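Chemist: Dumping the structure here so I can ask a few things about it.
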Amino acid sequence: MSIPVSAEEAVATALLFTWVIFVAAALTRKLYSWMAGHDVQHNVAVYYNRKVIHILTGGFVAFLVPNVFSTPIFPFAMAFLLAVFLYIPHKRGKLMYWFQTAENAYEVSFCVMWGVVITLGWIISGGNFWFGVLPVLFMSVGDAITGIVRNILYKKRTKSWWGNLAMASFSIPVGLAVLGLAGAVAGATASIIEHFESNPIDDNITVPLSSFIILVLAKFYAPWLLTL
């Protein structure tokens, strides 16, 4: 069985890829300079930028996927190209200092999980992108919200239940609206799981994976909890 690949999707992929590169390589660099000029500490500015990238790239593009693409071929390829793009500075020791850190390469795992979860969601659900997009939104937007709240409160990368409460205020209602009660449970689970991490397994892995597992379990064992 052949899978259709349209020229329109190829063009959309190129445009979205360009947007992501612009945000990561140009927009957040300018934002870093602005924050540095307003006496924002380096680590705080870097953390804000990471969350800006979460929302404006991972979240924005994921939201568009169900409306633009018919298969996950192009989103998957784009995610892994971006993972390579973000890994190269770590490999060469020439980081994009305005959002990357030598301590970890979590932005790389973000891209990998983005592509994998969206693709698996589409396959397991039989063609419904939201099955994978929803966990990715928890990772992209929900996690960004908790990070921004923590950065405002503590001025450093740390874990706080206040941040997780802020994440839940986004993830639970969005999960309910998109996929029903199972989506809300997945959002609540993601909001709790985000509080815990053990390097090198970071919350860019555990948040989408845990919520995705909840949705898979609901599909096979409690489909009445899902709105597909």
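The values are calculated or read from the model by the stated rules, or taken from the named source; none is laboratory data. Quick caveat, the model's predicted, so the values are computed rather than measured. Virtual Cβ from ideal backbone geometry, glycine too; neighbours counted across all protein chains shown.
Chemist: Can you tell me which residue among Ile118, Ile73, Ile148 is at pLDDT 95 or above, among the β-branched types (Val, Ile, Thr) and surrounded by fewer than 23 Cβ atoms within 10 Å (Cβ to Cβ)? Walk me through how you get there before you give the answer.
Modeler: Working: Ile118 fails: surrounded by fewer than 23 Cβ atoms within 10 Å (Cβ to Cβ); Ile148 fails: at pLDDT 95 or above.
One residue alone meets the criteria, Ile73.
Chemist: Anything in the range 55-72 that is assigned to a helix (DSSP H, G or I) and over 14 Å from the mean Cα position of the chain (by Cα)? List them, or say none. Let's see the steps before the verdict.
Modeler: Of the residues in the range 55-72, the ones assigned to a helix (DSSP H, G or I) are 55-68.
Result: Pro66, Asn67, Val68.
Chemist: Could you please find all residues in the range 73-96 being assigned to a helix (DSSP H, G or I), in contact with a helix residue (DSSP H, G or I) (Cβ under 6 Å, 6 or more places away or on another chain) and among the hydrophobic types (A, V, I, L, M, F, W, C)? Explain how you work it out, then say what you get.
Modeler: Initially, the range 73-96 is screened for residues assigned to a helix (DSSP H, G or I), giving 73-92.
Filter once more, keeping what is in contact with a helix residue (DSSP H, G or I) (Cβ under 6 Å, 6 or more places away or on another chain): 74-76, 78-80, 82-83, 86-87.
Matches in the range 73-96: Phe74, Phe76, Met78, Ala79, Phe80, Leu82, Ala83, Leu86.
Chemist: Pairs under 6 Å by beta carbon, first residue surrounded by 12 or more Cβ atoms within 10 Å (Cβ to Cβ) in the range 193-211, partner part of a loop (DSSP other than H, G, I, E, B), six or more apart or different chains?
Modeler: Note: pairs meeting the criteria are His195/Lys159; Asp203/Glu194; Asp203/Glu197; Val207/Glu194.
Chemist: Take the residues in the range 154-202 that are at pLDDT below 85 and not in a loop (DSSP other than H, G, I, E, B); name whichever of them is nearest to Val52 (Cα to Cα).
Modeler: So the residue we want is Tyr154.
Chemist: Report, by residue number, each residue of the range 103-150 that is assigned to a helix (DSSP H, G or I), within 18 Å of Asn49 (Cα to Cα) and of a type in the set (Gly, Ala, Ser).
Modeler: Ser109, Ser140, Gly142, Ala144, Gly147
Chemist: Considering only residues of the range 207-228 that are at pLDDT 95 or above and β-branched (Val, Ile, Thr), which is farthest from Ala105 (Cα to Cα)?
Modeler: Checking each candidate, the answer is Val216.
Chemist: For Phe99, state whether it is among the aromatic types (Phe, Trp, Tyr), free of Cβ contacts under 8 Å to residues at least 60 places away in the same chain and either assigned to a loop (DSSP other than H, G, I, E, B) or touching a helix residue (DSSP H, G or I) at 6+ places or on another chain (Cβ under 6 Å) (or both). Spell out the reasoning first.
Modeler: Numbers: among the aromatic types (Phe, Trp, Tyr): yes; free of Cβ contacts under 8 Å to residues at least 60 places away in the same chain: no; either assigned to a loop (DSSP other than H, G, I, E, B) or touching a helix residue (DSSP H, G or I) at 6+ places or on another chain (Cβ under 6 Å) (or both): yes.
Here the answer is no, as Phe99 does not meet what is asked.
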